[in-house]
Structures are given as structure tokens and as C-alpha cells.
Amino acid sequence: MTTTPNSSRGLRALLMRLHFYAGVFVGPFLLIAAVTGLLYAVIPQVDNAVYRHELTVDRVGEQRLPLADQIAAVRTSHPAGTVESIRPPNAADETTQVRLLVDDVPPDYARTVFVDPYTGDIRGALTTYGQWMPLRAWFDELHRTLHLGAIGRNYSELAASWLGVISLAGLVLWYLHRRDTQKLRRFALPDRDKKDRRRTLSWHGAVGVWILVALLGLSVTGITWSRYGGQSVDLIQQKLNTTAPTVDTTPGHHIGPDTHHHGTRSGGGDSLLYGVDTALRAAEHAGLQGPMWLYPPTEAGGGWRVEENKRDWPTRRDAISVDPDSGAVTDRVNFADWPLLAKLTRWAIDAHMGILFGWPNQILLALTVIGLITIIIRGYQMWWQRRPTRGSTWAVGRPPLRGAIGSLPPTVTVALIVAAAGLGWFLPLFGLSLAAFVVVDLVIGAIKRRRTAADKQKEFSDA
């Protein structure tokens, strides 16, 4: 398919109008996501310092108590709820963490009790979100939902959905601008000798080039755990059979000779905590390394699920199921055997959260979001610098001229509509907001045409 100069100009004008409207109206959501993301990126070290008392022991002993005794101490002081998981210490000075599912915490949260593994003393109890302590969980919730619950998730999904589109449109526009001004060699450099809007534009474009890859990564990973777009990602992974596998802990499942038995245990609750030390020894013998999480059987006769949870580099996520009576490994899933897309998803999400490469990852995230914040601010600055300077009426910058899509060949127009519809189906909030932009643009255009027609009619009548 070939394009004429007119169609090329029409496509450029269309990208310009899309970039403008999305930047103006989605910019505030992106700015909020960037600021809250920056706060989240720098909080882990603060979090560890704030909860040092709960996370560490005062004195390292000579020998740790059995996990069963530590859990018994926890249940004596916190009898409510059920034990959801146990995290043994990964270092000599760390406490054991026991997560309890209780009714007096928000959904998806738990009550984590911290116990000294040498003495059995309870060091404290905190309301946690996954592995995050309360402070980090608060900033995580701020970034994801602004503490507005399910409604708040829409803001972050809208920002993630548009971030990639705005960035790619901006890249094309910046390339065309540099090409037309014969400055492709300075594609990633600003023009310090320029003034006013041209200087602002050069910094806007150059900074965008430097952080483009990171922005696309943040956009994609943000979508994976969004409310509606995340469902589309899950559906694709299921269709492609690329979801992360899990171990089978159901009764009777085994990967070798049937050497295990179930004894006479019955019932639920704390009775399912039987064999926790057996599960830990079996995991260590099977080569699993800390940090590890142990999950009790979900039903009588089931196995313990033990998972490595090393999310930095190199990642360790091997998991096994252990029969609590015999200590036999009844199932195993190694991270090396995960589908490639599942691995990439895990690494991308951990990189988004600043976990994958530790503090260098945090620094990269901080620099990226600072760059994004400056891009957004400079975008609004350019909008202001485009405003009419004559007259006393307050005004802001004019949007790019409309009607660009009418100059495109029908095949290009159809292709763009199909692509927009497909992306809108995959990302519902993107599709709805794009439709809203189109409707608003059509309404504004109709109003302006009516005013122009009325003015011409008035001029004709006066003549």
C-alpha cells in the first residue's frame, strides 16, 4: 500500500491531534501515576527501617525452634483466623512470618505475626498486603487505586492504556520533526540554543526518546494487572497456554512410587498444619532455597505447597508439593520449565515494581518517572505557549486542525478504525475514552460550524 504526500500529511496531522487530545486529557492521570509510582519506587528501604523490630530479632540464638512450636506460639497469642502461609527466616537475624486470614482486615490483606525463631517470642503483628509491610502496602494502594477501591483502579488502567499510545505517537511525530528540520543526528538531544516553545518542544521530544523503552514497559506491565485490560491479558495467556504452572497438592497425587500415606488426620483449620517441619526439611532436601513460603494443605490428605520466592535476579520460583506424613515430594514445578511468556510476564512485573535488579532497578524507575513528569509538564507548557497573545480574553493553546482523517485513502482509514476497535476491545477503558474524544471533537466541530454559518448569515443580512 502506497501513500501520497497528502495522505502522509493527513496521517501526521491525525497523530498530532491524537497526541494533543490524549496528552491534555489523560495527562493528569499519567502525572498522578508517575508521582505515586515515584513514591512507591523509593519506599522499600524506608519500609525495612520502619519495621525493623518486627522483621529482625534482638539476638541471634544457637538453634531455631521447630516451625510447629513457633506456629503454636503464634496461635496462642493470635487464635483468630486460619494460617494461610509461613515464611521461615532467610537470614540468621530474621523473624519467622506467619500470615493469618482474619475477618478484621481489608480484602486481599492478612494479619502477619512475627515470631522470634530462637525463643518463640512474638515480635509483633501487622496488617500486610502480600509480602508488603503496611507502609509499602499503603503506597502500593495509593499508586494502584488512590485508596478509592475498585473505582480507583480505573485511573491507573486509563493511564497505563494510553501511555504506550501517546509515547509511540510522540516518537513518530518527533522523528518527522527532526527529519523535516534536518536534525536526525540530534534525535535524542535537545536544542539548547532555541527559545520559547521550540526549546520546550526539543526537551519534550529528546527526554521522551531516552525513556521510551521504559515507558512502553511500564504501560504493558501496568495493563497486565489492571481491572479490565488484565482480563484480556489473562484470556490470551489461557488461549496460548502460557500461564504460570502450579503444583498439584490434591490428595493422592504423586510423581513417583506411591510411598506416602495419609494417617488418621481429619478436619480442617489448625489440624491441616500437621507436618510443617517435614515439609520444610523435604524442600531443603529437594534443593529449594530461601526465601521460601509454605502453604498448608487446603483439605485433609492434601500436600504442603512450598515455593521459592526470590524475585530479584537471578529469579528462583521453583515449587513442590510435599506429603506431610512421609515427606515425599508428590509434585514439582521448576521455574526453568515455565512457558517463556509466563517468565517474561513475571520479570516484567517485578521490574515494574523495582524488585528485579534491586536498587539499580529502583534508580532506573525513579529516573524514568521523573522524566515522564517533566515531559507532561513541558507538554502543558507548550499548550500554554500556543495560546493567542492578542486580545483581552483568556485563552489556551489551539488544538491541531481537524479533518485529517478525511484526507487519508479509504484503505488507510478502514485500517485505522479496525485497529482502534481491536485495541479498544482489548483495552476497554482506552476504547471508551477514545470514543469520548471523538464524540467531543465532533460536537465541538459541529458547534464551530454552526457559529461560522451564523456569522456568515449575519454578515449577509447586514450587507
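The values are calculated or read from the model by the stated rules, or taken from the named source; none is laboratory data. Please read these numbers as outputs of a predicted model, since none were measured by experiment. Counting neighbours? That spans all protein chains shown, and the Cβs are built from the backbone with ideal geometry, glycine included.
Has the stretch 183-190 got any residue that is surrounded by 15 or more Cβ atoms within 10 Å (Cβ to Cβ), at negative phi and in a helix (DSSP H, G or I)? There is no residue in the stretch 183-190 that is surrounded by 15 or more Cβ atoms within 10 Å (Cβ to Cβ), at negative phi and in a helix (DSSP H, G or I). Of all the residues in the stretch 205-233, those that are surrounded by 17 or more Cβ atoms within 10 Å (Cβ to Cβ), within 14 Å of Leu372 (Cα to Cα) and in contact with a Gly (Cβ under 6 Å, 6 or more places away or on another chain) number 4. Here Arg136 qualifies as within 30 Å of Phe29 (Cβ to Cβ), under 27 Å from the mean Cα position of the chain (by Cα) and among the charged types (D, E, K, R). For the stretch 298-324, filtering for residues that are part of a loop (DSSP other than H, G, I, E, B) and either within 30 Å of the chain's Cα centre (by Cα) or surrounded by fewer than 17 Cβ atoms within 10 Å (Cβ to Cβ) (or both) leaves 11. Note on the stretch 54-71: residues that are under 37 Å from the mean Cα position of the chain (by Cα) and within 16 Å of Leu294 (Cα to Cα) amount to 4. Residues in the stretch 49-56: is at least one in a strand (DSSP E or B) and not assigned by TED's automatic domain parsing to the domain that holds Pro297? Yes - at least one qualifying residue is present in the stretch 49-56.
Quick test for you: out of Gly327, Gly287, pick the one residue that is surrounded by fewer than 16 Cβ atoms within 10 Å (Cβ to Cβ), on the phi > 0 side of the Ramachandran plot and at pLDDT 85 or above. Don't jump to the end; show me each part of the working.
Details: Gly327 fails: surrounded by fewer than 16 Cβ atoms within 10 Å (Cβ to Cβ).
It is Gly287.
Among the listed residues Leu146, Leu142, Leu100, identify the single one that is among the aliphatic types (A, V, I, L, M), assigned by TED's automatic domain parsing to the domain that holds Val42 and farther than 18 Å from Pro44 by Cα. Can you show your working first?
On the way: Leu142 fails: farther than 18 Å from Pro44 by Cα; Leu100 fails: assigned by TED's automatic domain parsing to the domain that holds Val42.
So the residue among Leu146, Leu142, Leu100 that is among the aliphatic types (A, V, I, L, M), assigned by TED's automatic domain parsing to the domain that holds Val42 and farther than 18 Å from Pro44 by Cα is Leu146.
Taken together, Ala73, Ala80, Ala92 contain a single residue that is outside any strand (DSSP E or B), surrounded by fewer than 18 Cβ atoms within 10 Å (Cβ to Cβ) and modelled with pLDDT of 95 or more, which is Ala92. Restricting the stretch 147-163 to residues that are out of contact with any Ser or Thr (no Cβ under 8 Å at 6 or more places or on another chain) and not hydrophobic (A, V, I, L, M, F, W, C), the residue that is surrounded by the fewest Cβ atoms within 10 Å (Cβ to Cβ) is His147.
Return a yes/no flag: does the stretch 247-256 have any residue that is touching a Leu at 6+ places or on another chain (Cβ under 6 Å), at pLDDT 85 or above, part of a loop (DSSP other than H, G, I, E, B) and not acidic (Asp, Glu). No, the stretch 247-256 contains no residue that is touching a Leu at 6+ places or on another chain (Cβ under 6 Å), at pLDDT 85 or above, part of a loop (DSSP other than H, G, I, E, B) and not acidic (Asp, Glu).
One residue stands out in the stretch 273-314 among those that are without any contact (Cβ under 8 Å) to a residue 40 or more places away in the chain and of a type in the set (A, V, I, L, M, F, W, C): the one that is nearest to Gly327 (Cα to Cα), namely Ala283. In the stretch 160-172, the condition of being within 22 Å of Val35 (Cβ to Cβ), assigned to a helix (DSSP H, G or I) and under 12 Å from the mean Cα position of the chain (by Cα) is met by at least one residue.
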